[in-house]
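The values are calculated or read from the model by the stated rules, or taken from the named source; none is laboratory data. All figures in this text were calculated on a predicted structure; none of them were measured in a lab. When we count neighbours, we look across all protein chains shown, and the Cβ atoms used for this are built from the backbone with ideal geometry, even at glycine. Just the protein is used for accessible areas: all its heavy atoms, side chains included, with ligands, DNA and RNA removed. Shrake-Rupley method; radii C 1.70, N 1.55, O 1.52, S 1.80 Å.
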Amino acid sequence: MNSSGYSVGAVAGLAGITVRTLHHYDEIGLLSPSERTAAGYRCYTESDLDRLRHILCYRELGFSLDAIAAIVHDPGADALAHLKKQRAMLVERIERLQRMVVSVDHVTEAKELGMSLTPEEKLEVFGGYTEPAGYAEWAARQWGDTPEWQAGQEITKSFGKREWAEAERVREEWSGQLLSIMDSGARPDSVEAMDLLERHRLLLGQFMGECRYEMHLNLTALYVTEPGQLGFLVREPDQRPGMAEFIRDAAKANAERAGS
């Protein structure tokens with residue numbers, strides 16, 4: 001270890017994360033520098049870096065910060081126990097992804113041969129995630145008379161397994177960016193948050209021909225008033241208190257920025 005430990009900037013560079021993220025981890029008690037230099041500056045030790053590696057690994061596996069805190073604060077789990085647990089979870093994730101690849105290849109082949117896909121096959125790529133019972137009927141009553149809904153039905157009826165798999169990949173990427181922004185402590189009206197919600201609006205437009213700001217505000221408000229809707233955008237393991245409100249408020253700030 002360096003005689004004076006590692007500064008927050010050095011650790012951020014080593015880990016490939018932002019200084020703001022480290023400050024946030026410090027503020028919530030997840031990871032704090034445990035020593036000080038001779039000049040009085042707080043610094044990270046080798047043990048702190050080991051803890052950060054565990055945190056980042058669990059984040060990659062999709063755990064919320066609250067769940068990670070409970071894991072790394074467990075006095076009965078040593079470094080070796082963490083490594084073994086992480087390896088087992090990574091192997092499980094690899095196996096799941098491999099099964100998804102096989103499934104996608106199988107249905108892609110069927111699609112290329114002109115075979116139609118069942119609703120079950122379309123949802124298969126999402127790892128077993130299915131919409132709540134009665135959702136389709138509820139959504140049709142809610143939006144069925146809008147041009148966006150009608151355009152969306154026309155667009156998605158031709159979707160095959162490949163298109164749904166790509167949509168899921170984009171959703172996962174967007175969800176990860178949302179978590180990073182929230183972890184950084186950014187406000188909903190920050191440029192990063194507004195840009196992310198603008199991307200969300202444009203992505204929705206790919207499924208409905210166009211997603212106007214007014215429609216976007218209505219849709220994001222549903223994440224707050226109809227909590228079950230959030231699961232379509234951010235899966236339950238990654239959800240956290242205040243997330244729905246953050247998305248709604250960022251969408252509102254983005255619409256105001258656009259003058260809508």
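Assuming R0 = 25 Å, can you tell me the calculated FRET efficiency for the pair Arg187 and Asn218, based on Cβ-Cβ distance, to the nearest 0.05? The calculated FRET efficiency here is 0.65. Surface composition of segment 151-252: carbon plus sulfur atoms contribute 54% of the solvent-accessible area (1.4 Å probe, protein chains only, all chains present).
Derived scalar couplings between HN and Hα for segment 227-242 equal x, x, 5, 4, x, 6, 9, 10, 5, 3, x, 9, 6, 8, x, x Hz in order, rounded to whole Hz, by the Karplus curve 6.51 cos²θ - 1.76 cosθ + 1.60 (θ = phi - 60°), x for Gly and Pro. His24 contributes an accessible area of around 30 Å² to the protein surface, as traced by a 1.4 Å probe with all chains present.
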